[in-house]
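Report on the following structure.
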Amino acid sequence: MSGLKDAGHLFRFLGLFVIAFLVFWLIRGYVVPKSFGEYGHYRGAAITDIANHPVKFAGHQACEQCHTDIADTKTKGAHAHVNCEACHGALAQHANDPTSMTPVKPDSAVLCARCHTASAAKPKGFPQVDIADHSNGLPCATCHNPHSPVIGSDAKTTDAASATAATGGAK
Amino acid sequence: MSGVEGYMYPNEVTLYWSVLIVLYPYITGLVAGAFILASLVRVFRVQAVAPTYRLALLTALSFLLVAPLPLQFHLGHPERSPEMYFTPHATSAMAMFGYVYLWYLMAVLVFEIWLDYRREIVLRSQQSKGLLRLVYKVMTLGSNNISERSLHIDEKVGWIVTLVGIPSAFLLHGYVGFIFGSIKANPWWSSPLMPVVFIFSAMVSGIAGVMLLYMALTKLRKQAIDIRCVDTIAMYMFYIFIIDFSLEMLDLVHRIYEADESFRSLNFMVHTKLYFSQIVLQIVVGTLVPLVLLFLTQVVKLAEIARKRIYVLSGSLILISVFAMRWNVVIGGQLFSKSFLGYTTYKVDLVTKEGLLVAIGFIILPLVFLWALVKLLPPWPPQSKHQTASGD
């Protein structure tokens with residue numbers, strides 16, 4: 001029995017571990033969300049939380065119901081497969097109640113460059129231009145109709161387009 | 001874009017793993033190395049290095065306390081990091097090794113130090129006064145039993161702890177290499193040799209660190225440096241360094257021979273961006289020079305003073321070399337594009353959260369901890385010079 005007595009201090013150190021573990025477990029019980037692990041290695045309640053996020057995008061079908069003219073132009077043009085909201089931004093609020101907010105027109109000088117700036121990383125077939133060279137600083141919409149961008153493909157191209165394009169502003 | 005040559009993907013232009021991530025493996029490496037040195041005494045019974053036994057343990061502890069701090073500073077939300085402990089995922093290397101860290105800290109280092117110092121702690125708790133007395137009292141955990149038998153038990157248990165500690169130290173540091181070595185998307189890192197190389201360089205750096213600390217502290221205390229001790233340490237350092245160097249060269253030769261699709265790009269990098277830190281600092285100045293110097297001390301009969309100077313010089317060079325190695329791994333692995341078509345640049349910030357000043361702080365902080373620990377638990381035997389670590 002004296003052997004145990006002489007090893008008593010070791011048990012005290014062990015006790016330290018037990019206490020540390022209990023404290024850890026206590027804190028853990030307190031900080032880990034209740035629904036953690038319900039379905040997997042994440043907070044189960046996160047699913048409803050995320051589902052409750054307000055919808056931000058309306059989808060192009062919604063836009064097309066009201067803006068039929070633009071939808072018609074677009075489906076015939078090169079941007080047929082580019083979604084309205086890819087350019088206009090999330091507009092669910094507008095689609096639900098058009099009077100509640102009027103969307104700002106995108107600034108084509110910035111917008112178009114986002115997709116069409118020439119870069120070696122893009123597939124060869126994708127239309128891309130050296131922006132500074134190509135547009136001379138003009139907004140792209142001066143010459144291109146954003147909804148049907150190939151020049152000459154659409155009669156309703158902005159008036160300035162034919163004029164500027166004719167002077168050889170572009171290459 | 002400034003600092004970018006050729007083609008980089010947008011997410012590769014800025015380096016996300018900064019100098020602090022270089023520091024992290026460096027510091028854990030010093031811990032592992034210092035512990036291995038201590039185990040030489042305890043398990044392998046190399047009595048010559050006994051004067052550094054306790055210092056090595058205290059060094060390991062002070063560096064281990066600082067080791068996670070660079071990571072915390074690197075995180076954008078450090079307050080979330082405990083989640084790794086609370087809800088660990090079995091596939092997360094970081095989470096699993098978080099436990100290894102805790103285990104190593106508490107069950108190995110603190111426990112072993114406590115066992116080894118228990119007699120002194122108890123005596124001091126009876127002799128000192130005021131706040132210090134309270135501190136020592138707490139450290140005794142309320143047990144004043146320092147009978148012959150209980151100390152004998154401590155000795156036995158301490159031996160087991162060290163025995164368990166060796167694989168723990170390997171695991172702790174091996175995982176740092178593992179984390180890099182297992183990133184298969186990065187050809188500079190992805191190599192099963194990585195953990196092994198990390199461990200060996202860790203041992204070398206830790207041993208060099210403790211040796212230098214021992215020499216410096218002994219000088220400061222105006223005592224004579226135990227030359228037999230540093231001779232032996234230097235010998236082990238030399239041997240382990242040879243293994244470390246061979247492994248690193250093996251890795252290099254393997255890469256050159258395999259010459260996979262990343263080779264041209266990496267080879268170019270080593271000859272340009274990493275030329276100074278890898279070829280000059282790490283390999284020539286930091287490895288070949290100390291190897292030659294240490295080799296001389298092994299084969300030529302040099303005067304004691306010359307040997308000491310060589311040890312200090314090569315110890316310092318080794319510390320630089322191992323730091324350079326961590327740098328080349330961590331920073332080097334982020335300088336080239338996965339497209340193998342371009343390179344970016346890393347410029348160390350000065351005063352940001354992950355800047356140079358913080359990094360320097362993290363190098364100094366362990367020394368402050370060590371100073372406090374040495375004050376609290378003097379690693380030297382009271383007066384007699386030669387004493388085995390197990391004797392008290």
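Of the residues B:Trp114, B:Trp371, B:Trp103, B:Trp327, ranked by 1.4 Å probe accessible area with the largest first, the sequence reads B:Trp371, B:Trp103, B:Trp327, B:Trp114.
Mean silhouette area of chain A, derived from the convex hull of its C-alpha atoms and averaged over all directions, reads 20.1 nm². Counts of other chain beta carbons within 10 angstrom of each beta carbon in peptide A:6-17 average 6. Counting heavy atoms of the protein chains alone, B:Thr232 has an accessible area of about 20 Å² for a 1.4 Å probe. Average 1/r across all pairs of distinct alpha carbons in chain B, invert it, and you get the Kirkwood radius: 22.3 Å.
Summing +1 for each Lys or Arg and -1 for each Asp or Glu among the other residues whose beta-carbon sits under 13 angstrom from that of A:Cys63 gives -3.
Just add up the charged neighbours of B:Val161: K/R +1, D/E -1, any other residue whose Cβ is under 9 Å from the Cβ of B:Val161.
Details: positive: B:Arg42; negative: B:Glu112.
Spelling it out: positives minus negatives among the neighbours equals 0.
Per q in 0.11, 0.13, 0.17 1/Å, what log10 I(q)/I(0) does a Debye calculation on the alpha-carbon atoms of segment B:1-150 return? One equal scatterer on each Cα of segment B:1-150 leads to -0.64, -0.82, -1.11. Net charge in the neighbourhood of B:Arg307 (other residues with Cβ under 10 Å of its Cβ; Lys, Arg +1, Asp, Glu -1) is +1.
P(r) tail for segment B:233-299: Cα pairs beyond 17 Å make up 51% of the total.
Given 37 °C and 0.692 mPa s, compute D for segment A:2-51 with the Stokes-Einstein relation, Rh being the Kirkwood radius over Cα pairs; round to the nearest whole µm²/s.
My calculation gives 238 µm²/s for D.
Peptide B:145-154 is shielded by partner chain Cβ atoms: per residue, an average of 4 of them sit within 10 Å of its Cβ. For the residues of B:134-143, the average number of beta carbons from a partner chain within 10 Å of their own beta carbon is 2. What whole-number distance in Å separates the alpha-carbon centres of segment B:31-57 and segment B:243-313? Measuring centre to centre over Cα atoms gives 26 Å.
For segment A:16-81, what percent of Cα pairs sit more than 20 Å apart?
On the way: 1332 of 2145 pairs.
Result: 62 percent of Cα pairs exceed 20 Å.
Need one number: the % of Cα-Cα pairs in the protein assembly as shown sitting beyond the 36 Å mark. List each step's numbers first, then the result.
Details: 83624 of 158203 pairs.
When every Cα pair of the protein assembly as shown is considered, 53 percent fall beyond 36 Å.
Which values of log₁₀ I(q)/I(0), to two decimal places, follow from the Debye formula for segment A:55-104 at q = 0.16 Å⁻¹ with a uniform point scatterer at every Cα? Debye intensities relative to I(0), on a log10 scale: -0.42. On a per residue basis, segment A:2-51 carries 73 Å² of accessible surface, using protein heavy atoms and a 1.4 Å probe. Taking amide H positions as modeled 1.01 Å from N, with prolines and chain starts lacking one, the residues under 5 Å from A:Phe36 and 5 or more places away or on another chain are A:Gly44.
Packing here is the average count of other Cβ atoms within 10 Å per residue, and on that basis the peptides A:133-142, B:40-49, A:52-61, highest first, run B:40-49, A:133-142, A:52-61. Backbone phi angles across segment B:334-347, fed through the Karplus curve with coefficients 6.51, -1.76 and 1.60 (θ = phi - 60°), yield HN-Hα couplings of 10, 7, 10, 8, 4, 6, 6, 10, x, 9, 10, 10, 10, 10 Hz in residue order; Gly and Pro are listed as x.
Helical runs (DSSP H, four residues minimum) scored at -39500 (n - 2.57) apiece and divided by the length of chain B put the mean residue ellipticity at 222 nm at -21500 deg cm²/dmol.
Listed here are the pairs B:Lys129/B:Lys219; A:Lys56/A:Lys124; B:Lys137/B:Lys375; B:Lys184/B:Lys273; B:Lys184/B:Lys353; which of them are more than 26 Å apart at the Cα? Walk me through the numbers on the way to the answer.
Working: B:Lys129/B:Lys219 29 Å; A:Lys56/A:Lys124 33 Å; B:Lys137/B:Lys375 16 Å; B:Lys184/B:Lys273 22 Å; B:Lys184/B:Lys353 29 Å.
In this structure, B:Lys129/B:Lys219; A:Lys56/A:Lys124; B:Lys184/B:Lys353 lie more than 26 Å apart at Cα.
Compute the label zone of B:Ser2 within segment B:343-357: residues whose backbone N is under 19 Å from the point 7 Å along Cα-to-Cβ. The answer is B:343-356. Find the sum over both chains of the accessible area lost when B and A are paired, probe 1.4 Å, and report it in Å² to the nearest 100. Counting both chains, the buried surface is close to 1800 Å². Each residue of segment B:65-71 was assigned a 3J(HN,Hα) from its phi angle through the Karplus expression (A = 6.51, B = -1.76, C = 1.60, θ = phi - 60°), giving 5, 8, 3, x, 4, x, 5 Hz with x at Gly and Pro. Accessible surface of the protein assembly as shown, 1.4 Å probe: 68 percent of it comes from carbon and sulfur atoms.
A Förster radius of 51 Å combined with the Cβ-Cβ distance from B:Arg228 to A:Lys5 puts the calculated FRET efficiency at roughly 0.80. Comparing segment B:272-392 with the 2.2 N^0.38 Å rule of thumb, its C-alpha radius of gyration ratio is 1.49 (two decimals).
For B:Arg80 and B:Lys301, what is the calculated FRET efficiency with R₀ set at 56 Å and r taken between the beta-carbons, to the nearest 0.05?
On the way: r = 59 Å, r/R0 = 1.05.
Approximately 0.40, to the nearest 0.05.
Under the 0.36 nm per residue contour assumption, what length would be gained going from the current alpha-carbon distance of A:Ile151 and A:Thr75 to full extension? Each step should come with its number before you reach the end.
Working: separation 76, 0.36 × 76 = 27.36 nm, distance 1.53 nm.
That works out to 25.8 nm of additional length.
Under 5 Å between amide hydrogens, built in the peptide plane, is the criterion, and for B:Val46 it picks out B:Val41 among residues at least 5 positions away or on other chains.
The values are calculated or read from the model by the stated rules, or taken from the named source; none is laboratory data. Note that the structure is predicted; figures quoted are calculated from it, not measured. Because the Cβ atoms are built from the backbone with ideal geometry, glycine has one as well, and the counts that use them run over all protein chains shown. With ligands, DNA and RNA removed, areas are computed over all heavy atoms of the protein, side chains included. Shrake-Rupley method; radii C 1.70, N 1.55, O 1.52, S 1.80 Å.
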